[in-house]
1. How many residues, within region A:20-34, are more than 13 Å from chain D (Cβ to nearest Cβ) and either free of Cβ contacts under 8 Å to residues at least 12 places away in the same chain or outside any helix (DSSP H, G or I) (or both)?
2. Scan region A:35-80 residue by residue and report those that are within 24 Å of residue B:47 (Cβ to Cβ), of a type in the set (S, T, N, Q) and either in a strand (DSSP E or B) or free of Cβ contacts under 8 Å to residues at least 12 places away in the same chain (or both).
3. Among the residues of region B:21-41, is any more than 12 Å from the chain's Cα centre (by Cα), among the hydrophobic types (A, V, I, L, M, F, W, C) and surrounded by fewer than 17 Cβ atoms within 10 Å (Cβ to Cβ)?
4. State yes or no: is residue B:40 modelled with pLDDT of 95 or more and facing chain C (nearest Cβ under 9 Å)?
5. Which count do you get for residues in region C:43-76 that are more than 7 Å from every other protein chain (Cβ to nearest Cβ), surrounded by 15 or more Cβ atoms within 10 Å (Cβ to Cβ) and under 30 Å from residue D:61 (Cα atoms)?
6. Given the conditions (1) over 15 Å from the mean Cα position of the chain (by Cα); (2) at pLDDT 95 or above, report the number of the one that residue D:63 does not fulfil.
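The values are calculated or read from the model by the stated rules, or taken from the named source; none is laboratory data. On a predicted model such as this, the values are computed, not experimentally measured, just so you know. Positions of Cβ are backbone-derived with ideal geometry, glycine not excepted, and every protein chain shown enters the neighbour counts.
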Number of protein chains: 4
Amino acid sequence: MKIHQGVPEEPGLKTALHANGTNIEGEWDKVFAAIKRCHEIVHGMGAPRVSTVIKLGTRTDRNQTMDEKIRSVEGKLAGR
Amino acid sequence: MKIHQGVPEEPGLKTALHANGTNIEGEWDKVFAAIKRCHEIVHGMGAPRVSTVIKLGTRTDRNQTMDEKIRSVEGKLAGR
Amino acid sequence: MKIHQGVPEEPGLKTALHANGTNIEGEWDKVFAAIKRCHEIVHGMGAPRVSTVIKLGTRTDRNQTMDEKIRSVEGKLAGR
Amino acid sequence: MKIHQGVPEEPGLKTALHANGTNIEGEWDKVFAAIKRCHEIVHGMGAPRVSTVIKLGTRTDRNQTMDEKIRSVEGKLAGR
């Protein structure tokens with residue numbers, strides 16, 4: 001298994017490290033399989049307790065990548 | 001499907017509503033199946049975007065129920 | 001200073017411990033003064049890094065206590 | 001008042017927009033003054049209820065910028 005930006009790499013998942021966490025983009029089941037794998041890995045390294053915070057968004061109206069989300073907010077802030 | 005305290009009822013899951021969210025206790029796969037079902041239900045009610053915050057803890061050293069977690073903190077705060 | 005449910009006691013603040021955190025009810029400045037004090041206390045006990053997650057809600061339409069929030073959700077879930 | 005990346009600009013605060021939120025770097029009181037101002041602005045735009053999630057970290061051992069935090073994690077992941 002390969003780890004990319006702190007998240008197990010899997011086809012269909014995109015990750016983006018930022019200063020206070022890692023964003024993950026993909027289908028629900030793949031995203032949560034990766035997060036579960038993270039907990040298993042950290043437990044496997046000897047930590048008896050692992051804590052994670054997930055800020056989770058789903059949308060059914062359209063696909064939107066992480067880059068598009070940033071551009072959308074930047075556009076709104078610029079008054080476009 | 002029956003809903004209990006805002007969470008789809010499922011054998012093996014315990015829920016506790018508090019003033020700012022709902023705690024869920026159970027095995028990983030069941031917990032996240034319930035959260036996924038919540039998103040599906042709210043999308044099904046017409047919301048194109050659904051956002052959730054999950055504060056997640058796993059431990060491998062022992063089982064501990066929600067009630068035991070509260071008593072443990074209360075005990076520590078009381079100096080026991 | 002007296003600590004109540006893990007939060008420095010202060011007139012005007014109400015706290016409620018639950019299985020995965022503590023809810024605090026009160027005016028903005030008092031709430032965040034208490035949270036700041038928590039970080040200072042834990043740093044003072046020797047921890048070089050302290051991490052907290054805050055799920056924060058403000059409303060301008062009316063006052064609503066923590067108990068009223070729980071009853072409101074229970075009422076909606078009961079179909080009332 | 002000038003808004004930068006969704007956060008009221010203030011001397012001493014640095015902000016970084018990412019795909020799922022905005023990171024803020026600075027002294028405690030300035031950071032929370034900015035977040036309070038955000039809530040006031042959104043209430044002033046007509047929203048009766050405003051909800052925010054804050055993942056908060058403080059450290060007393062050394063100063064570390066947002067860029068340094070990213071480089072630190074990238075270094076650890078690269079095995080350095």
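1. The qualifying residues number 3.
2. A:58, A:60, A:63, A:64, A:72
3. yes
4. On the way: modelled with pLDDT of 95 or more: yes; facing chain C (nearest Cβ under 9 Å): no.
No.
5. 1
6. All conditions pass for residue D:63, except number (2).
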